[in-house]
Amino acid sequence: VAAEKDGYPHFMLKEIHEQPTALRNTLKDRIEGDRVNLDYLNLSPEYLKGLRNISIVACGTAYHAGLIGKELIEGLLRIPVEVSVASEFRYRNPLVDEKTLVIVVSQSGETADTLAALRESKRRGAKVLAITNVKGSSVAREADFMFHTVAGPEIAVASTKAYTTQLLGFYLITLYFGQLLGKEMPKELYSGLKELPVLAEKVINETEKRIESLIKPFEGWGDCFFIGRSLDWHVAEEGALKLKEISYIHAEAYAAGELKHGTLALIEKDIPVIALATQLEVYEKTISNIKEVKAREGYVIALVQEGDTETAKSVDQVLEIPKVPSLLTPILTVLPLQLISYYVAVARGCDVDKPRNLAKSVTVE
Ligand code: G6P
């Protein structure tokens, strides 16, 4: 119904634009100054201290949020984390018992494989924390603890605002666990998180202003690549999934340093490559990978942090995201990738909200 789309041609575009609000609503009342407050979870420091490992389980886009979750938890809490797609987890005798916290991530809370993984985890004695967008869902009801992503209903099959709020959930949960464990958490993350809604709005607007030139390189192509290192790599994976789902362009995400072990063979003149170079710790390395692509005449669109004048010299187009701590970039870098996918799909005449063969919520195995 046109009215429900608030004047947007598709739910997906509406939901992309709702992200600043979704982030604001998910943050609300959960950060007080330099403290995250998730006391309602009722998790004791003793329980957390007794954990041997954390296992994150999800499907699709929610799985990609889990990949970032692992980096945050291992990086800041030094607890070993495994991330699994739910359809694999349940059949592979995972390392899960009463000393494991299983975090299941699901927008709908009804995905059959994720729900089965939750049940299998409980059967093995683990406690389950659900990150979900639907409060009364099966996953929410069966989990021991629940973090609600306050994104509002997500209608488009391709997930956007659920992903960014799931990421936000992982930041808040990690900081909160850190506090409970008495670990020093980086102060800049607290203020940085609060700024994200405003910065997200800025990135969305800036990207849309330039969208025509950003989607032009995809014209006539059936393939494309997304590259990045560290967190950028995981966002690249989500970017590639988005493009595949709705535009039917074959997209592959690669850890930039791994290109030379195969994918570089596929780089040819003018093939679109989206390169994320926002992780300052591996910046130089990423730039040298971008140069490898340019040497084969690929068409490179780079995403960089504001103030980076170096990358522009080696690539075809640059899109800047505002300066934030490296750990916080995923919520911003994914936004241009969502918009590029959306506008490429529209240009190709695809049914953006209901792509062929896919469903919003997969309740069968
Ligand atoms: C389907 C959707 C994806 C989604 C996945 C997991 O495949 O098309 O967009 O990421 O299910 O859904 P969930 O509701 O569990 O997050």
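A short reminder: the numbers here are calculations on the coordinates, not readings from a lab. Predicted, not measured: the structure shown is a model, and the values here were computed from it. Counting neighbours? That spans all protein chains shown, and the Cβs are built from the backbone with ideal geometry, glycine included.
Have a look at the DSSP beta bridges in the chain and tell me what percent are antiparallel, nearest 5.
Working: 2 of 43 bridges.
Antiparallel bridges: around 5 percent, rounded to the nearest 5.
If you average the C-alpha positions of segment 95-142 and of segment 48-75 separately, how far apart do those two centres end up, in angstrom? Value for the Cα centre distance between the two parts: 12 Å. Close amide H pairs (under 5 Å, H built 1.01 Å from N) link ARG229 with ALA256, residues at least 5 positions away or on another chain. The label-point distance for GLU365 and LYS127, in a model that sets each label 7 Å from Cα toward Cβ, rounds to 3.0 nm.
Over all directions, how big on average is the projection of the convex hull of the alpha-carbon atoms in segment 170-244, in square nanometres? Spell out each step's value before the answer.
On the way: hull surface 27.2 nm².
Averaged projected area of segment 170-244's Cα convex hull equals 6.8 nm².
Springs join every pair of Cα atoms under 10 Å in this Gaussian network model of the chain, and among GLU82, GLU238, GLU188 the largest mean-square fluctuation is at GLU188. For the chain, a Gaussian network of Cα nodes joined below 10 Å ranks TYR91, TYR342, TYR171 by mean-square fluctuation, and the top entry is TYR91. Going through the cross-link list LYS183/LYS323; LYS209/LYS269; LYS70/LYS260; LYS14/LYS360; LYS5/LYS216, which pairs have a Cα-Cα distance over 24 Å in this structure? In this structure, LYS183/LYS323; LYS209/LYS269; LYS70/LYS260; LYS5/LYS216 exceed 24 Å between Cα atoms. Computed over segment 269-337, relative contact order equals 32 percent, with contacts defined as Cα pairs under 8 Å that lie 6+ residues apart. Residues of segment 10-39 falling in the label zone of ASN205, defined by backbone nitrogen less than 16 Å from a point 7 Å along Cα to beta-carbon, are 17-21.
Using C-alpha pairs under 8 Å with a sequence gap of at least 6, the mean separation divided by the residue count of segment 57-97 gives a relative contact order of 46 percent.
For segment 147-270, relative contact order (Cα pairs under 8 Å, six or more residues apart, normalised by length) works out to 17 percent. Give me, ordered by chain and number, the residues 5 or more places off TYR299 or on other chains with an amide H under 5 Å from its own placed amide H. Result for TYR299 returns ASP270, ILE271, VAL273.
When a/c reaches 1.5 or more, the comparison of a/b and b/c decides; with that in mind, is segment 62-119 rounded, prolate or oblate per its Cα gyration tensor? Since a/c reaches 1.5 but b/c is at least a/b, the shape of segment 62-119 is classed as oblate. For segment 250-257, putting each phi into the Karplus relation 6.51 cos²θ - 1.76 cosθ + 1.60 with θ = phi - 60° gives couplings of 6, 10, 10, 9, 9, 5, 3, x Hz, in residue order, rounded to whole numbers and with x for Gly and Pro. Put a plus charge on the Cβ of each Lys and Arg, a minus charge on the Cβ of each Asp and Glu, and nothing anywhere else: the dipole of segment 112-238 about its Cα centre is then about 620 debye. Estimated from the Cβ-Cβ distance and a Förster radius of 22 angstrom, the FRET efficiency linking GLU188 and ASP39 is about 0.40. Compared with the alpha-carbon gap, the fully stretched path from LEU181 to LEU95 is longer by 28.7 nm at 0.36 nm per residue. Relative to the Cα centre, the charge distribution of the chain, modelled as +1 at Lys and Arg Cβ and -1 at Asp and Glu Cβ, gives a dipole magnitude of about 640 debye.
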